[in-house]
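Working notes for the structure below.
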Amino acid sequence: MSLTDEQLERYSRHIILKDVGIEGQEKILNGKVLIIGAGGLGAPIALYLAAAGVGTIGIVDGDLVDRTNLQRQVIHFTPDIGKPKVISAKEKIKEINPDIKVNTYQYLASAENISDLIKGYDFIIDGTDNFAAKFLINDACVMAGKPFSHGGILRFDGQTLTHTPGNACYRCVFKEPPPKDAVPTCSQAGVLGAIAGMLGTIQAAETLKFFIGKGELLVNRLLIFNALDMTFRNVTLKRDLNCPVCGQKPSITALTDYEQAACDLKGQR
Amino acid sequence: MGLDIKKSINLHNISCPMNFVKTKAALAELQQGELLEVLLDEGEAILNVPRSLKDEGHQVINVENLGETFKVIIKKG
Amino acid sequence: MKIKVNNEYQEFDGEITVSELLTKNNVEMPDMVSVQLNGEFVKRDNFSSTSLTDQDEINFLYFLGGGNF
Ligand SMILES: [Zn+2]
């Protein structure tokens with residue numbers, strides 16, 4: 001594959017980088033990424049991956065764009081209210097970079113469909129808003145041997161880790177979803193819009209690093225930040241050999257849909 | 001000089017950093033040790049591009065001043 | 001004794017358990033936190049029976065559910 005003059009121009013600031021170059025850009029162009037959730041995190045992730053030239057981007061989301069999304073879900077614009085999020089996102093991706101192949105899945109990821117969803121992709125991104133989905137994505141990716149990026153945000157906080165086969169997974173840290181009555185209530189579940197951008201762009205950078213194969217991924221460490229203090233910290237993790245899903249004798253061998261607290265579900269109708 | 005030039009590109013009137021990008025693209029098509037001939041403008045281009053190529057592990061084996069352009073021979077590293 | 005909590009040292013006189021440390025650090029919902037002590041995760045059932053010793057390193061890792069909503 002040889003890059004066209006247009007591609008050399010479009011991706012020039014990547015190609016200039018010693019750690020990307022022509023070879024790295026070609027890997028990005030051949031990359032296939034599935035973004036689960038076209039919301040606060042999925043929005044910046046999709047925008048940056050499209051701009052970067054990730055060849056195939058799949059987007060999973062069953063929701064329609066709502067006015068309350070616009071404060072942080074920067075891929076959706078005011079005239080998109082009422083439109084399926086996957087369509088709104090696809091339109092913006094195509095405008096940024098017409099070369100990207102976009103696959104849309106206008107439904108919720110579930111235990112029943114997730115294995116098929118992730119099958120054709122090299123890297124999966126968790127941009128969901130609820131624990132049920134986060135555990136489902138983790139378990140499905142671990143079982144299928146797929147690398148993925150976990151991301152979570154709330155209020156002024158964000159956290160992310162990258163899983164690659166054989167390394168710590170989300171369940172190595174969080175064994176199971178929190179009890180429903182412990183989940184933040186609706187009034188506690190606000191988020192500063194820019195936090196979504198901060199975390200989403202970290203996840204996008206991890207994805208691109210995964211393809212170019214340079215640097216150190218957030219593997220076996222959880223990056224946590226608080227934007228009120230603007231402090232970042234890395235917590236070193238290791239794979240738990242007794243982990244219920246990635247351990248030596250996993251107790252979880254089939255995917256299940258966890259129940260969600262009502263407020264949590266709202267975003268994923 | 002009897003050099004075995006594998007590929008030759010003319011980057012006259014191509015400014016920074018696209019001249020560097022196009023040189024990298026041309027080098028990507030060569031094998032290690034093969035030679036690329038590049039025509040670069042005087043000024044910024046000739047000051048920057050060979051230096052950046054050296055940073056990336058390539059060798060600049062000859063620079064010939066042709067007036068408003070320079071002919072540069074690069075060995076892929 | 002000194003305990004490193006989330007990368008910062010805190011000073012205590014006398015014995016303290018994980019549960020007590022959570023309370024002292026105003027962790028309102030222990031169900032929403034995973035506790036890593038010297039690199040190993042402490043089972044939730046053992047929060048009140050696990051005592052800390054000088055120079056222990058402890059991290060509180062919170063469930064963060066957001067992203068899409
Ligand atoms: Zn695990």
key: Matching entry among C:Val18, C:Val27, C:Val35 (being within 11 Å of another protein chain (Cβ to nearest Cβ), surrounded by 15 or more Cβ atoms within 10 Å (Cβ to Cβ), of a type in the set (A, V, I, L, M) and at negative phi)   = C:Val35
note = Subset of segment B:1-33, residues more than 14 Å from chain A (Cβ to nearest Cβ), not hydrophobic (A, V, I, L, M, F, W, C) and not in a loop (DSSP other than H, G, I, E, B), comes to B:Lys6, B:Ser8
ask   = Is one or more of the residues making up segment A:207-228 farther than 30 Å from A:Ile22 by Cα, away from the ligand (no atom under 16 Å from the Cβ) and modelled with pLDDT under 95?
value = no
key: Residue ID - surrounded by the fewest Cβ atoms within 10 Å (Cβ to Cβ), chosen from residues in segment A:229-254 that are away from the ligand (no atom under 15 Å from the Cβ) and more than 14 Å from chain C (Cβ to nearest Cβ)   = A:Ala254
query = Looking only at residues in segment C:1-15 that are within 11 Å of the chain's Cα centre (by Cα) and surrounded by 15 or more Cβ atoms within 10 Å (Cβ to Cβ), which one is farthest from A:Val183 (Cα to Cα)?
reply = C:Ile3
ask   = Is segment A:126-138 home to any residue that is away from chain C (no Cβ under 14 Å), under 28 Å from A:Val183 (Cα atoms) and either free of Cβ contacts under 8 Å to residues at least 40 places away in the same chain or out of contact with any Asp or Glu (no Cβ under 8 Å at 6 or more places or on another chain) (or both)?
value = no
ask   = Is it true that C:Asn46 is at negative phi, in contact with a strand residue (DSSP E or B) (Cβ under 8 Å, 6 or more places away or on another chain), surrounded by fewer than 16 Cβ atoms within 10 Å (Cβ to Cβ) and more than 11 Å from chain A (Cβ to nearest Cβ)?
value = no
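Facing chain C (nearest Cβ under 10 Å), over 22 Å from A:Val20 (Cα atoms), crowded, with 16+ Cβ neighbours inside 10 Å and out of contact with any strand residue (DSSP E or B) (no Cβ under 9 Å at 6 or more places or on another chain): which single residue out of A:Val191, A:Val183, A:Val173 fits that description?
On the way: A:Val191 fails: out of contact with any strand residue (DSSP E or B) (no Cβ under 9 Å at 6 or more places or on another chain); A:Val173 fails: out of contact with any strand residue (DSSP E or B) (no Cβ under 9 Å at 6 or more places or on another chain).
The match here is A:Val183.
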note = The lone condition A:Thr128 fails out of (1) crowded, with 18+ Cβ neighbours inside 10 Å; (2) at pLDDT 95 or above is (2)
ask   = Of all residues in segment A:144-170 being buried (at least 19 other Cβ atoms within 10 Å of the Cβ) and among the charged types (D, E, K, R), which is farthest from the chain's Cα centre (by Cα)?
value = A:Asp157
Per-region count, segment A:210-228, residues surrounded by 18 or more Cβ atoms within 10 Å (Cβ to Cβ) and without any contact (Cβ under 8 Å) to a residue 12 or more places away in the chain = 0
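The values are calculated or read from the model by the stated rules, or taken from the named source; none is laboratory data. The model shown is predicted, which means the values in this text are computed figures rather than measured ones. Counting neighbours? That spans all protein chains shown, and the Cβs are built from the backbone with ideal geometry, glycine included.
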